[in-house]
Amino acid sequence: MRTLFWSALVFISLLGMRGFAPVSRQAQSVSLNSPDQLKLINVKAETVTFKGRKALRLNDAAPAGVGDEGRLAVLPNTDFQDGLIEVDLTGEPAAGAGEGARGFVGVAFRVAADQSRFECIYLRPTNGRAEDQVRRNHSVQYISMPGFPWDLLRKEFPEKYESYVDLVAGEWTKVKIEAHRDKARLYVNGAEQPTLLVNDLKQGQTRGAVALWIGPGTVAHFADLRISR
C-alpha cells in the first residue's frame, strides 16, 4: 500500500508540473444553427450543408488592412478560462482571394467583452501538403491579441509558436484545444499527442468568450462544437 501511495503521489506531482492535472469535465454542445445570435465582426455567417453535414459557414468580410484581430464570430454565453474546446472545421481560400490566402481558420478563446483581447490557435490548411517544407512547417499557428500577431512571433520566436500537421484545404478536420492557466495544447484529428504546445499564453490567466476565427480571404465551416470546463 505504501508503494502504491507514493507512486500515485509522484504521478499527481508530475501532472501538476506539466500543468494539466486531470479533472472531471462536463461537455456542453454549442449550437451553431442561429447565426443571428452570434456577434459577427468582419465576417458573414450562414447555415449550410457542406459535404453532407449541417454547418456554420463564415466568409471574410473585412475591409483591406484588417489584421489578425479582426475576424470573429463570438459565441454567446461561453465564459471560458480553463478546459477543452472541440470543433470540426474546414478552411480554404475564397474565390478571388489573394495569392497569400491559406484558408486560415481556427478558434479564439478568453475573448474580452469588447474583443480587445484574446488567445487564438489556427490552421493554414493549404500549407499541410504544400511542396515546400517551410510552408509545411507553418501549418498551425498561435497568436495573441493585442501585441502578438503571427509575423511578430515568427520574427522574434522562430518555430516556437508554429508547427506542422497534415491538413487538406476544404476537408473536415477535428480540432481540440486544451487550456489551463497560462498553457494551451492543440490536438488535430484525434491524435494522442499535441501538434502544438504553448507554455506561455501571452495574455496570462484571463477568461472570456469563445469565438470562431478566420483570416483574410477565407471561407470556413464549423460543426459539432463542444466546450468542457
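The values are calculated or read from the model by the stated rules, or taken from the named source; none is laboratory data. Since the model is a prediction, treat every value here as computed from it, not as a measurement. With ideal geometry, Cβ positions are generated from the backbone for all residues, glycine too; neighbour counts draw on all protein chains shown.
For the stretch 207-223, how many residues are surrounded by 16 or more Cβ atoms within 10 Å (Cβ to Cβ) and over 14 Å from the mean Cα position of the chain (by Cα)? So the answer is 5. What are the pairs, 6+ residues apart or on separate chains, where a residue within the stretch 132-157 that is on the phi > 0 side of the Ramachandran plot has its Cβ under 9 Å from a residue that is polar (S, T, N, Q)? Cβ pairs passing all conditions: 147/203.
State all residues of the stretch 110-152 that are part of a helix (DSSP H, G or I) and surrounded by fewer than 20 Cβ atoms within 10 Å (Cβ to Cβ); if no residue qualifies, say none. If you could, list the steps in order and put the result at the bottom.
At the first step, the residues of the stretch 110-152 found to be part of a helix (DSSP H, G or I) are 125-127, 133-137, 150-152.
Matches in the stretch 110-152: 133, 134, 135, 136, 137, 151, 152.
Of the residues 218, 206, the single one that is among the hydroxyl-bearing types (Ser, Thr, Tyr), in contact with a Leu (Cβ under 9 Å, 6 or more places away or on another chain) and in contact (Cβ under 8 Å) with a residue 24 or more places away in the chain is 218. So is residue 125 touching an Asp or Glu at 6+ places or on another chain (Cβ under 9 Å), of a type outside the set (Gly, Ala, Ser) and without any contact (Cβ under 8 Å) to a residue 60 or more places away in the chain or not? It is true that residue 125 is touching an Asp or Glu at 6+ places or on another chain (Cβ under 9 Å), of a type outside the set (Gly, Ala, Ser) and without any contact (Cβ under 8 Å) to a residue 60 or more places away in the chain. If the condition is being buried (at least 17 other Cβ atoms within 10 Å of the Cβ) and of a type in the set (A, V, I, L, M), then the stretch 169-192 contributes 169, 175, 177, 179, 184, 186, 188. Filtering the stretch 29-49 to residues that are in contact with a Ser or Thr (Cβ under 7 Å, 6 or more places away or on another chain) and in a strand (DSSP E or B) leaves only 30.
Scanning the stretch 149-187 for residues being closer than 17 Å to residue 119 by Cβ, in contact with a Ser or Thr (Cβ under 9 Å, 6 or more places away or on another chain) and of a type in the set (A, V, I, L, M) gives a total of 2. All conditions but one from (1) outside any helix (DSSP H, G or I); (2) at pLDDT 95 or above apply to residue 76; the one that does not is (2).
Could we say that residue 38 is farther than 19 Å from residue 161 by Cβ, of a type outside the set (Val, Ile, Thr) and buried (at least 20 other Cβ atoms within 10 Å of the Cβ) here? So that I can check it myself, show each step before the final result.
Details: farther than 19 Å from residue 161 by Cβ: yes; of a type outside the set (Val, Ile, Thr): yes; buried (at least 20 other Cβ atoms within 10 Å of the Cβ): no.
Considered against the rule, which asks whether it is farther than 19 Å from residue 161 by Cβ, of a type outside the set (Val, Ile, Thr) and buried (at least 20 other Cβ atoms within 10 Å of the Cβ), residue 38 comes out as no.
For residue 200, the conditions (1) without any contact (Cβ under 8 Å) to a residue 60 or more places away in the chain; (2) surrounded by 19 or more Cβ atoms within 10 Å (Cβ to Cβ) all hold with the exception of (2).
The residue list 110, 53, 57, 71 contains one member that is at positive phi and touching a strand residue (DSSP E or B) at 6+ places or on another chain (Cβ under 6 Å), which is 110. Per the listing 195, 218, the residue uniquely hydroxyl-bearing (Ser, Thr, Tyr) and farther than 18 Å from residue 55 by Cβ is 195. If the condition is being farther than 18 Å from residue 80 by Cα and part of a strand (DSSP E or B), then the stretch 180-200 contributes 187, 188, 196, 197.
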